[in-house]
1. I'm trying to understand the selection: among the residues of segment 100-115, which are in contact with a strand residue (DSSP E or B) (Cβ under 8 Å, 6 or more places away or on another chain) and either assigned to a loop (DSSP other than H, G, I, E, B) or in contact (Cβ under 8 Å) with a residue 60 or more places away in the chain (or both)?
2. What single numbered condition from (1) part of a helix (DSSP H, G or I); (2) buried (at least 17 other Cβ atoms within 10 Å of the Cβ); (3) out of contact with any helix residue (DSSP H, G or I) (no Cβ under 8 Å at 6 or more places or on another chain) fails to hold for residue 127?
3. Does residue 121 fit the bill of being touching a helix residue (DSSP H, G or I) at 6+ places or on another chain (Cβ under 9 Å), at pLDDT 90 or above and outside any loop (DSSP other than H, G, I, E, B)?
4. What are the residue pairs meeting all of these: first residue in segment 10-39, first residue free of Cβ contacts under 8 Å to residues at least 60 places away in the same chain and at positive phi, second residue in a loop (DSSP other than H, G, I, E, B) and surrounded by 17 or more Cβ atoms within 10 Å (Cβ to Cβ), Cβ atoms under 6 Å, and 6 or more apart or on different chains?
5. Considering 97, 39, which residue is assigned to a helix (DSSP H, G or I) and surrounded by 14 or more Cβ atoms within 10 Å (Cβ to Cβ)?
6. Which members of segment 112-124 meet the condition of being farther than 15 Å from residue 29 by Cβ and surrounded by 13 or more Cβ atoms within 10 Å (Cβ to Cβ)?
7. Please count how many residues of segment 83-94 are assigned to a loop (DSSP other than H, G, I, E, B) and modelled with pLDDT of 90 or more.
8. Here's a check for you: in segment 70-82, which residue that is within 22 Å of residue 123 (Cα to Cα) and part of a helix (DSSP H, G or I) is modelled with the lowest pLDDT?
């Protein structure tokens, strides 16, 4: 029996957030959405997620700062960290490096497409990709 995987999408663009939710729910995932970094951090620290998809350019605290806050809290709890994936329109190598240094597991370029979702599933949930 396979349990439903829970994904948090942190994206300030309502249309992009809705599209990610539709794509991921269509693949069988349960999806929560946050519109700000603060809201994303709050959700991530109060509910167990199997994957967090984080926009970088968020209002308030950005995706990098949000990731740092999530990682700092999780680090004292246990050794299993929720994978955090950056989704960004900024493809500069320096930005990618900053994301990885903050504790993100990978960086994907926008737009978030069904192909992006399939790549994420294959990498982080191989049992669901089969």
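1. 103, 104, 105, 110, 112
2. In the conditions (1) part of a helix (DSSP H, G or I); (2) buried (at least 17 other Cβ atoms within 10 Å of the Cβ); (3) out of contact with any helix residue (DSSP H, G or I) (no Cβ under 8 Å at 6 or more places or on another chain), residue 127 misses (2) alone.
3. no
4. Once the first residue is free of Cβ contacts under 8 Å to residues at least 60 places away in the same chain and at positive phi and sits in segment 10-39, no partner that is in a loop (DSSP other than H, G, I, E, B) and surrounded by 17 or more Cβ atoms within 10 Å (Cβ to Cβ) comes close enough.
5. 39
6. Within segment 112-124, 113 is the sole residue that qualifies.
7. Selection size over segment 83-94: 1.
8. Taking the candidates together, the pick is 74.
The values are calculated or read from the model by the stated rules, or taken from the named source; none is laboratory data. For clarity, every value in this text was computed on a predicted model and none was experimentally measured. Note that each Cβ is placed from the backbone with ideal geometry, even for glycine, and that neighbours are counted across all protein chains shown.
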